[in-house]
Amino acid sequence: MMKRIFSGILLLSIAVLVLGACSNNDSTKQNAEKETTGDVVATVDGKDISKKDYDKELESMKATYEQQGMTADQMDSKMLADLEQSVLDQMINAELLLQTAEKDGVSVAQKELDAELEKIKTNFADEKQYEDALKQNELTEKELMAQLKKQMTVIQYLDSKIGKVEASDEEIQAMYDQYKQQVEGQKQTPEELDKIKPELEQQILAQKKDEQTTKLVEQIRKDNEDKVKIHKA
């Protein structure tokens, strides 16, 4: 449970969960150098992605699949290979996005980091449970703060590039009609539109942000593919 609380906090979450969809496998295979270097799985514009971090993210993703009823033992070789590639692409895209944000001058104030850390601590009953969660995730508070800084930098950059998104009444109505049809098809009574309108609006806004984030990262990956070197065999 405590491991999953942190999964919503760290870099490969919130803003960058969608980045795996931005992989450019064909281009990567053509342009990246694939070498077995032991402790490094990829290099992004001079910044190494360690095998330790990669393995940790891969295990976390496998755990997510397992919660959905799909264990690693049930995956065939292609599914495992696709999963491994997806995790690697997520990490490469996340690093590219972070580097782009930093080059763009995005910075996070210490007071913002401190406030975010306090929010995180409210997920735990007491300080001991929080410290136990850090240990289970093999993190120190300093490392957690460093990862928080990366994530918040990325989010600020995305917000500045994507800007404000809105959901029109027509879009909300269309989503409601889809929801209503699905519920009625299950012989159930749908909620009234006015009751679930805020929820539908948030879903539309999230979808639009995800789509725009994906497009932005696809472009960043395309523009920087020559800076990506894969060492993972």
**Report entry** Low-density loop cleavage sites - GluC sites (Glu not before Pro) in the range 145-233, where at most 11 other Cβ are within 10 Å (DSSP)
**Finding:** Glu166, Glu192
Query raised in the report: For the range 101-233, what size does the Cα cloud have along each of its three principal axes, sorted from largest down, in whole Å?
Result: 51, 46, 38
Requested in this report: With a point put 7 Å past each Cα toward its Cβ, work out how far Leu113 is from Ile155 in nm, to one decimal.
Outcome: 1.5
Requested in this report: Would you kindly derive the ³J(HN,Hα) couplings of the range 157-165 from the backbone phi angles with the Karplus curve 6.51 cos²θ - 1.76 cosθ + 1.60 (θ = phi - 60°), listing them in order in whole Hz, with x for Gly and Pro?
Outcome: 5, 4, 4, 6, 8, 7, x, 7, 10
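Only sites in a loop by DSSP and with at most 14 other Cβ atoms within 10 Å count here; which trypsin sites (Lys or Arg not before Pro) in the range 185-233 make the cut?
On the way: sites: Lys187, Lys195, Lys208, Lys209, Lys215, Arg221, Lys222, Lys227, Lys229, Lys232; in loops: Lys187, Lys232.
Answer in residue order: Lys187.
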Report summary line: Residue by residue through the range 84-94, the couplings from Karplus 6.51 cos²θ - 1.76 cosθ + 1.60 with θ = phi - 60°, in Hz, x for Gly and Pro, are 4, 5, 5, 5, 4, 4, 4, 5, 5, 5, 5
Query raised in the report: What is the Cα coordinate range of the range 71-160 on the first, second and third principal axes, sorted by size from largest, in whole angstrom?
Result: 47, 38, 19
Requested in this report: For Ile120 and Lys195, calculate 0.36 nm times their separation in residues minus their Cα-Cα distance, and state this gained length in nm to one decimal.
Outcome: 24.0 nm
Report summary line: Judged on accessible area alone, 1.4 Å probe, highest first, Met75, Met70 line up as Met70, Met75
Report summary line: With a 28 Å threshold on alpha-carbon distance, the violating pairs from Lys111/Lys161; Lys103/Lys208; Lys149/Lys195; Lys78/Lys229; Lys56/Lys229; Lys78/Lys103 are Lys149/Lys195; Lys78/Lys103
Report task. Order the following by accessible area, largest value first: Thr140, Thr213. Probe radius 1.4 Å; ligands, DNA and RNA are ignored. Result -> Thr140, Thr213
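The values are calculated or read from the model by the stated rules, or taken from the named source; none is laboratory data. Predicted model only: the values in this text are computed from it and were never measured. Neighbour counts are summed over all protein chains in view; Cβ atoms, including those assigned to glycine, are modelled from backbone coordinates with ideal geometry. Only protein heavy atoms, including side chains, enter the accessible area calculation; ligands, DNA and RNA are left aside. Shrake-Rupley method; radii C 1.70, N 1.55, O 1.52, S 1.80 Å.
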